[in-house]
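The block underneath contains the structure these notes are about, expressed in structure tokens.
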Amino acid sequence: MLKKASLFLLFFILFGFSAQAQFIKWQEENSSSFLRLNLNSHEISRFNPKTGWMRLDTLHTEDVDFKDLMPTSEGVVEFRINKTSTFYLTIHCTGQVYLLDKSNWSLKRLDKTFYRGANCKNSVFMRGDELYSFGGYGFWHSSNILTKYDFIGKEWLSISADGDVPASIFDGLVGYAPKKDRFYVLSTVEMNDTEKKTAFNRDYGMYEYDFFNQKFTRIGEVKLQEIRDYLNTKASKHYYFTGRYFIIPDKPNQEYPYDTMLIIDIEDGFKVYQWTNPHRIFLNTHGGEEVETYMRVKGDSLIWSSQIERTVNRELAFSHLLISQVLRESSYLGTLDESPWYEKFSVALISLVSVLILLVGIQLYRRYQQNKLKKSIRFMLGANERLFLDFLILNYEQGFVNGHQIIAFFGKHKSSPESQRQFRAKLIENFTKTLGLIFTDQDILDVQLDERDQRMFTYRLQPEIYKKLKSL
């Protein structure tokens, strides 16, 4: 409910036309300065941390209807064109694209789009000479729409994507990395006010979009607890993406607004670092509602516009930190997809239990098969054949048994030689035929000539058969 109320308040501010908010503001590309356009007087001003707002000129316009511009200090982005003094200026929620020339302070409307309100809080970026807009929120639901601006048709064109397309691109950490030529979506929220089950559904997946193949790939899941806490507890999320680092100014301490920072390095295995203010810098204000007072990125540095009080001589100054310096002073937390210790322990425990269950299952199955085989053998063999089997197993280590030993074992030594021969032949025949039905395509007995009496044979179980029968 709080999330919905925050979004309603956001859009109420964006679309409201109060007398105190008739401006659009945006940070100049690769600069610590901001520009502000007065929608009533058409005056353009620049903000510098040391001098504040300074009027530059009255804006000259072409095909610009200022009624189409909504007062906002968020979602306005400029992109420099080929290192010239001209810039593309885009405004979220509207799809509007303007050409801003800072050499003569002129503004020209480029697009002919008519829709608005469908892609608020979208991620807009420039790739080469092309403008892209991914995701956003509007008309009471989040979006995963991918669009590219058509400079000829002056419209935004939809892009189809294959692979693991996220259900939404909104309310997470998103950004385009020029060096890797990839677009990243690190957690996102799917919202649909019509369906209660998806009223606020967070996906912690990590997605990478390949422009060449036009394909999304799910490369992992956000598991690091510090990042999850930030995603879950912050109603309004301010972060900065430099093309390599996601920089999250966190506010766990009410007295000092930027007490810590979380940094995600997408080029180094999504390693996450935490910077804790070493009490070198004390900020006297939370920045209020003015976007120019927020912490921001300029090139390889972090800039604060709010006045700070240094601990050495209590003088007021402005803060400037190199990102490399912040990283040196940071502690390593782990990778973004690194599970917390208790989850790792649970995974190890589950793995151990699974292995034990598997081993027990295998052992039980072997016991079942052995019992089944034992019952089959005892059921199919006659009484004399079962005794003969026990006799062969018992004497296997001593070697071969001859016919006289077999006759003596069964107590037939007092019978006639012909009776002994018939008994022995019938016994061995029944024995081998019966076991041959169980152990198909295998020899049961190893039969050799008796060295002492060439008229007789010696008998022994085949090694493979002995191994199978010994454990029964």
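The values are calculated or read from the model by the stated rules, or taken from the named source; none is laboratory data. Note that this is a predicted model, so its numbers are computed, not measured. Neighbour counts run over all protein chains shown; Cβ positions are idealised from the backbone, glycine included. Calculation scope for accessible area: heavy atoms of the full protein, side chains included, ligands and nucleic acids excluded. Shrake-Rupley method; radii C 1.70, N 1.55, O 1.52, S 1.80 Å.
Answer with yes or no whether GLY399 is out of contact with any helix residue (DSSP H, G or I) (no Cβ under 9 Å at 6 or more places or on another chain) and in contact (Cβ under 8 Å) with a residue 40 or more places away in the chain.
yes
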Item to check | Which listed residue, of SER123, SER133, SER106, is over 38 Å from the mean Cα position of the chain (by Cα) and buried (at least 16 other Cβ atoms within 10 Å of the Cβ) | outcome: SER106
Item to check | Scope the stretch 251-276; condition open to solvent by 30 Å² or more (accessible area, probe 1.4 Å) and at pLDDT 70 or above; matching residues | outcome: GLU267, ASP268, GLY269, LYS271, TYR273, GLN274, THR276
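With the requirement that a residue be within 16 Å of the chain's Cα centre (by Cα) and on the phi < 0 side of the Ramachandran plot, what does the stretch 151-169 give you? Spell out the reasoning first.
First, pick out the residues of the stretch 151-169 that are within 16 Å of the chain's Cα centre (by Cα): 163-169.
Once the filter is applied, which keeps residues that are within 16 Å of the chain's Cα centre (by Cα) and on the phi < 0 side of the Ramachandran plot, the stretch 151-169 yields ASP164, VAL165, PRO166, ALA167, SER168, ILE169.
I need the full set of residues from the stretch 448-472 which are in a strand (DSSP E or B) and not hydroxyl-bearing (Ser, Thr, Tyr), in order please.
First, the residues of the stretch 448-472 that are in a strand (DSSP E or B): 448-449, 457-461.
Correct list: GLN448, LEU449, PHE457, ARG460, LEU461.
The rows are residues; the columns are (1) over 28 Å from SER330 (Cα atoms); (2) in contact with a helix residue (DSSP H, G or I) (Cβ under 8 Å, 6 or more places away or on another chain); (3) surrounded by fewer than 20 Cβ atoms within 10 Å (Cβ to Cβ).
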site: TYR149; (1), (2), (3): yes, no, no
site: LYS154; (1), (2), (3): yes, no, yes
site: GLY163; (1), (2), (3): yes, no, yes
site: PHE170; (1), (2), (3): yes, no, no
site: ASN201; (1), (2), (3): yes, no, yes
site: GLU208; (1), (2), (3): no, no, no
site: GLN214; (1), (2), (3): yes, no, yes
site: GLY220; (1), (2), (3): no, no, yes
Checklist entry - Could you say whether any residue in the stretch 89-96 is of a type outside the set (Ser, Thr, Tyr), more than 33 Å from the chain's Cα centre (by Cα), over 16 Å from LEU39 (Cα atoms) and open to solvent by less than 10 Å² (accessible area, probe 1.4 Å)? => result no
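Yes/no matrix, rows are residues, columns are (1) within 16 Å of LEU461 (Cβ to Cβ); (2) open to solvent by 80 Å² or more (accessible area, probe 1.4 Å); (3) of a type in the set (Gly, Ala, Ser):
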| site | (1), (2), (3) |
| --- | --- |
| VAL353 | no, no, no |
| LEU359 | no, yes, no |
| TYR368 | no, yes, no |
| ASN371 | no, yes, no |
| LYS374 | yes, yes, no |
| GLN405 | yes, yes, no |
| PHE409 | yes, yes, no |
| LYS414 | no, yes, no |
Checklist entry - For LEU35, all conditions in the list (1) within 21 Å of PHE151 (Cβ to Cβ); (2) crowded, with 19+ Cβ neighbours inside 10 Å hold save one; what is the number of the exception? => result (1)
Next on the checklist: Quick check on GLU309: is it assigned to a helix (DSSP H, G or I) and either of a type in the set (Asp, Glu) or modelled with pLDDT under 80 (or both)?
Outcome noted: no
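Any idea how many residues of the stretch 443-461 are open to solvent by less than 50 Å² (accessible area, probe 1.4 Å) and among the polar types (S, T, N, Q)? Full working, then the answer.
Applying the first criterion (open to solvent by less than 50 Å² (accessible area, probe 1.4 Å)) to the stretch 443-461 yields 444-446, 450, 453, 456, 458-459, 461.
Imposing the further condition that a residue be among the polar types (S, T, N, Q) reduces the set to 458.
Matching residues across the stretch 443-461 total 1.
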Checklist outcome for this item: Selection from the stretch 81-91 of residues touching a Ser or Thr at 6+ places or on another chain (Cβ under 8 Å) and closer than 24 Å to GLY136 by Cα yields THR90, ILE91
Next on the checklist: For the stretch 416-442, give me each residue that is open to solvent by less than 40 Å² (accessible area, probe 1.4 Å), within 60 Å of the chain's Cα centre (by Cα) and touching a residue at least 40 places away in the same chain (Cβ under 8 Å).
Outcome noted: LEU435
Checklist entry - For the subset of the stretch 145-204 comprising residues that are part of a strand (DSSP E or B) and free of Cβ contacts under 8 Å to residues at least 12 places away in the same chain, which member is farthest from ASP129 (Cα to Cα)? => result LEU157
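Identify, from the list LYS237, LYS197, the residue that is within 19 Å of VAL297 (Cβ to Cβ) and at pLDDT below 95.
Numbers: LYS197 fails: within 19 Å of VAL297 (Cβ to Cβ).
Exactly one residue qualifies, and that residue is LYS237.
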Checklist entry - Would a scan of the stretch 435-447 turn up a residue that is in contact with a helix residue (DSSP H, G or I) (Cβ under 8 Å, 6 or more places away or on another chain), within 18 Å of PHE379 (Cα to Cα) and of a type in the set (Phe, Trp, Tyr)? => result yes
